[in-house]
1. Taking the conditions exactly as written (within 16 Å of ligand 1 (Cβ to nearest atom), crowded, with 23+ Cβ neighbours inside 10 Å and polar (S, T, N, Q)), does Asn118 satisfy them or not?
2. Please return the ranges of helices (runs of 4 or more DSSP H) entirely within region 349-438 where 2 or more residues are over 19 Å from Asp294 (Cβ atoms).
3. Which residues, taken from region 415-436, are charged (D, E, K, R) and out of contact with any Phe, Trp or Tyr (no Cβ under 9 Å at 6 or more places or on another chain)?
4. State the number of residues belonging to region 402-438 that are exposed (fewer than 15 other Cβ atoms within 10 Å of the Cβ) and closer than 22 Å to Gly368 by Cα.
5. Say whether the condition of being of a type in the set (A, V, I, L, M, F, W, C) and open to solvent by 10 Å² or more (accessible area, probe 1.4 Å) is met by at least one residue in region 190-199.
6. Go through region 379-393 and give me each residue that's modelled with pLDDT of 90 or more and either over 44 Å from the mean Cα position of the chain (by Cα) or small (Gly, Ala, Ser) (or both).
7. Could you tell me whether region 244-251 includes any residue that is within 23 Å of the chain's Cα centre (by Cα), part of a helix (DSSP H, G or I) and surrounded by 21 or more Cβ atoms within 10 Å (Cβ to Cβ)?
Amino acid sequence: MMSVLEEKMNRPAFEMLIKRMAPVSLDDGKLYINIPSTISHDYLKEYLEAVEEAASMFTGDRVKIIVMQEEAPEMETAEPARVAPRVEEKKDVSPLKKTAPFLNPRYTFDNFVVGGNNQLPYNAAYAVAEAPGRAYNPLFIYGGPGLGKTHLMQAIGHYVAATKPNLIVEYNTCDSFVTEFLTCVREKRAYDFKNHYLNLDILLIDDIQFLEGKDRTQYEFFQIFNEFYEKKKQIVVTSDRLPKDIPTLEDRLLSRLNWGLVCDIQPPDFETRLLILRKKVEIDRQYVSEEVLDYIAQAVKTDIRHLEGALTRIIAYANFVNREIDLEIAKKLILEMTPDRGSSIISPEEIIKTVANKFNLEPDDISGKRRKKEVVLPRRVAAYLMRELTDLSLQSIGKQLGRDHTTIIYSCEKLEKEMAEDDGLKKIVESLKEELSR
Ligand code: ADP
Ligand code: MG
C-alpha cells in the first residue's frame, strides 16, 4: 500500500504525511489512522482520497479513512462510532509526544543550601540561569548520586521559566531522551524529534552517562548540541562522572562537553548537612529538635538523598506515634535504616566504647575529666579516631572528651607523631579503625 502511494505522490508529501501516519485498526470498512497533531487537516485532505484508494486496492473492499489525533484512545477501549475525528491543526504544539518529566516544584535555588561542597556548581548554575547561553556553555555538572545535581539543574529551569517567559526551557532525563529518540526512529518521526529539540532555547539533560553505548542517540545529541552551541542557546548536562570517564562517548562529543564549564558537586560536610536538614524541616513545617537534627547530620554522611530519607522517616514516625522524637528513637530508626553501618555512621560513643575496651577501661574513664595517667593515651586515640572517622567539629569532639578544642588538635598531632615512631601503637590504632568501620 505504501509503495502504491509512494509512486503516486510527490516526495515531500509522502515523507511528511504518509510516513507519519500510523494505522490503528481496520473495522467494518473503516481504517482508523493516527496522525501527528501538527499536520494540517487541509493538507491531509488533498491526499485522503489517494490514501483511501490505495487502501481499497489493498484490501479489495471499499475503505473509508478515519483520521484521529495522535493521543486518541486505542480501538479496544473506545467505541469506533464515538471516536470523533479531530483533525484541526494545533499550533505551537510539539509533534513529539512528550513523556519528559516536569520540574519538581521543590527543586529551586531558594531551597538549595550552598556549602563548600557545591559553591562552584551553584554559582555556575545561577549564572547560567541569569544569562543563558552567555555565561558558560555547556555547563557540565558531575558528582555522585544524591548530591543535588538534579535539584540544581531543575533550579535553572524554574528560574528561567519565572524570569524569562519568552524562552522555552526543557528538562529531560537522558534516559527518556534516548527512549523518545528510539521511539521516533521506529515510528519514522526522527524529524519530529530533532525539530522539537531545535525549537527549544535551553536544554537541560540529566544523567548524560546514559548515552553510553547509545551510538545513534549520541549522534543525534551531537547534532542538537552543535546547533545549540552555534546559536548560543544554553545546554546544561549532568553526569555521575567526568565526560572522559563515560566509556564509548564519541571523542568529538567528549571534547564539546569540555568546551564550557565542567564542575563537580562533592559530598556535603557536617555543617552543610545540618543546614540542609534545618531547611527541610522549615520547608515541611515540622518540628524536630536540634539535638536530633545534629545526630542525623552526624550519622548519615553518604549523600543528601539518604540524609533526607532519614529525616523523613523520623518525622513520619513522630507523626505516627504522635509524639516528639527523642535522640533514643532517632538512633534506633536510623540504625534500622542502615544495615551496613560501615563508614556511614560511627558515633563518638561507639568510638569511646571501642577504645575503652581495647585498653581495658570503662567508657567513663575516657570521656570523663579524670587525668589519670593511663587514660591519657586512650583519650588521645579516641580524639584521633573521632577526627578521622566522624565529621564532628573540634568543639564537639572536645565536649565528648571533656577537653577544649586546642587540646584536641594537640592530641591528634601528638598521636600522629607517636604512631610514626611506634609501630605497635600504629597497629593498635589501625585495628581500632578497622573494627569501627566494619
Ligand atoms: P542527584 O541528582 O545528584 O542524584 P538530587 O538532585 O536528586 O541528587 O538530590 C537528592 C535530594 O537531595 C533531593 O531531594 C534534593 O532536593 C536534595 N538536595 C541535594 N542537594 C541539596 C542542597 N544543597 N540543599 C538542599 N537540598 C538538597
Ligand atoms: Mg539526579
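The values are calculated or read from the model by the stated rules, or taken from the named source; none is laboratory data. These figures come from a predicted structure and were not determined experimentally. Methodologically, a virtual Cβ is constructed for each residue, glycine included, from the backbone with ideal geometry; neighbour enumeration extends over all protein chains shown. Accessible surface areas use protein heavy atoms only, side chains included; no ligands, DNA or RNA. Shrake-Rupley method; radii C 1.70, N 1.55, O 1.52, S 1.80 Å.
1. Yes; evaluated as a whole, the condition is true for this residue.
2. Correct list: 363-367, 373-389, 405-421, 423-437.
3. First, pick out the residues of region 415-436 that are charged (D, E, K, R): 416-418, 421-423, 426-427, 430, 433-435.
Within region 415-436, Lys417, Glu418, Glu421, Asp422, Asp423, Lys426, Lys427, Glu430, Lys433, Glu434, Glu435 meet the criteria.
4. 6
5. Yes, because at least one residue in region 190-199 is of a type in the set (A, V, I, L, M, F, W, C) and open to solvent by 10 Å² or more (accessible area, probe 1.4 Å).
6. Residues satisfying the conditions are Ala382, Ala383.
7. no
Residues are listed down the side, and each one gets a yes or a no for (1) closer than 22 Å to Cys263 by Cβ; (2) basic (Lys, Arg); (3) touching a Leu at 6+ places or on another chain (Cβ under 9 Å):
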residue	(1), (2), (3)
Lys194	no, yes, no
Asp201	no, no, yes
Gly213	no, no, no
Tyr229	yes, no, no
Ile235	yes, no, yes
